[in-house]
Amino acid sequence: MRLVLVGPPGAGKGTQAEFIAAHLAVPKISTGDILRANVSQGTALGREAKRYMDAGDLVPDKIVINMVRDRLAEPDATDGFLLDGFPRTVPQAQELDSMLADLGVGLDLVLELIVDDDEVIRRLSGRRTCRGCGKIWHMEFDPPTHPDVCDRCGGELFQRDDDRPETIANRLREYADKTAPLIDFYGAQGKLVGIDATGPVEDVTVRAIDALRSYGG
Ligand code: ADP
Ligand code: AMP
């Protein structure tokens, strides 16, 4: 299955992506994770992307599109994938359609995680991520036993630079201006299904998998 997760920053895309990708047995492709790996390795791409990410702006389409084109060409993505955080603009979505058309395939479904702004702010403010295994924690909603240590792998937990209050506000503006138009874009293609992404993580996963099942996933 070829699936896209869409929703505001903090909606729970990364959290749900892990479960949904395992359920579908497809790779999870997160452009945020790929960009952060480039930033921490100090690559040219990472140095270019960092200033946009730190400001809470979207990284320019050209950079992200080339990155995704390369990733989708890897063998594990041939039979399906779950995209988390891409596309985030209409030009990215158009480019994705044309990349897939060149391969003779298309997206099966776009799953929208619906959460209001107040909840998103609560979720982003308490988010912690493991440097070792990438597991996403929350200091209030899914707290680790020790504030700095991942219970899954013992790795160090960190707070993302872009989860500061002033950056969060800009990311929400970017979402409303540039990403929310994808809802109409995919709605018009008949590929959009929205689910309520509030409540316990496990409940959201059940709603997501039910939605996929009704579309053959
Ligand atoms: P996104 O990838 O959409 O930015 P994340 O998956 O990183 O969002 O989730 C943002 C924060 O919210 C994380 O700290 C995560 O632990 C927490 N979170 C995710 N889903 C839920 C939920 N259903 N209820 C409460 N907190 C959640
Ligand atoms: P995320 O981990 O998905 O919250 O992404 C973190 C940051 O990476 C975003 O705020 C953007 O600066 C950048 N980013 C991730 N994916 C994209 C994308 N598809 N287009 C542009 N910028 C992106």
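Here are a few things to note about the model shown:
- A single entry from D117, D102, D70, D108 fulfils the requirement of being more than 12 Å from ligand 1 (Cβ to nearest atom), open to solvent by 50 Å² or more (accessible area, probe 1.4 Å) and in contact with a Lys or Arg (Cβ under 8 Å, 6 or more places away or on another chain): D108.
Conditions tested, residue by residue: (1) closer than 30 Å to G199 by Cβ; (2) at pLDDT 95 or above.
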position: S40; (1), (2): no, no
position: N66; (1), (2): no, yes
position: R71; (1), (2): no, yes
position: F81; (1), (2): yes, yes
position: D84; (1), (2): yes, yes
position: T89; (1), (2): yes, yes
position: E112; (1), (2): yes, yes
position: V120; (1), (2): yes, yes
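- Considered as a group, the residues in segment 147-173 that are closer than 21 Å to L35 by Cα and among the aliphatic types (A, V, I, L, M) include one that is most open to solvent (accessible area, probe 1.4 Å), and that residue is A169.
- Residue in segment 4-26 that is among the polar types (S, T, N, Q), part of a loop (DSSP other than H, G, I, E, B) and open to solvent by 30 Å² or more (accessible area, probe 1.4 Å) present: no
- Within segment 22-43, the residues that satisfy the criterion of being of a type in the set (G, A, S) and within 15 Å of ligand 2 (Cβ to nearest atom) are S30, G32, A37, S40.
- Single residue of segment 27-52 satisfying the filter (under 20 Å from L182 (Cβ atoms) and of a type in the set (A, V, I, L, M, F, W, C)) that is surrounded by the fewest Cβ atoms within 10 Å (Cβ to Cβ): I34
- Every residue from segment 175-205 that is among the charged types (D, E, K, R) and farther than 22 Å from Q16 by Cα: D177, K178, D184
- All of G42, G32 fail the test of being within 13 Å of ligand 1 (Cβ to nearest atom) and either over 17 Å from the mean Cα position of the chain (by Cα) or not β-branched (V, I, T) (or both), apart from G32.
- Segment 1-19 - residue that is within 24 Å of E95 (Cα to Cα) and β-branched (V, I, T) and, of those, nearest to the chain's Cα centre (by Cα): V6
- Those helices (runs of 4 or more DSSP H) lying entirely in segment 139-217 with at least 3 residues in contact with a strand residue (DSSP E or B) (Cβ under 8 Å, 6 or more places away or on another chain), under 25 Å from T89 (Cα atoms) and touching a residue at least 60 places away in the same chain (Cβ under 8 Å): 181-188, 201-213
- Hey, K50 over 17 Å from the mean Cα position of the chain (by Cα) and within 11 Å of ligand 2 (Cβ to nearest atom) or not: yes
- Subset of segment 102-118 (residues that are aliphatic (A, V, I, L, M) and in a strand (DSSP E or B)): L109, V110, L111, L113, I114
The values are calculated or read from the model by the stated rules, or taken from the named source; none is laboratory data. The model shown is predicted, which means the values in this text are computed figures rather than measured ones. Quick reminder, even Gly has a Cβ in these numbers, built from the backbone with ideal geometry, and neighbours come from all protein chains shown. With ligands, DNA and RNA removed, areas are computed over all heavy atoms of the protein, side chains included. Shrake-Rupley method; radii C 1.70, N 1.55, O 1.52, S 1.80 Å.
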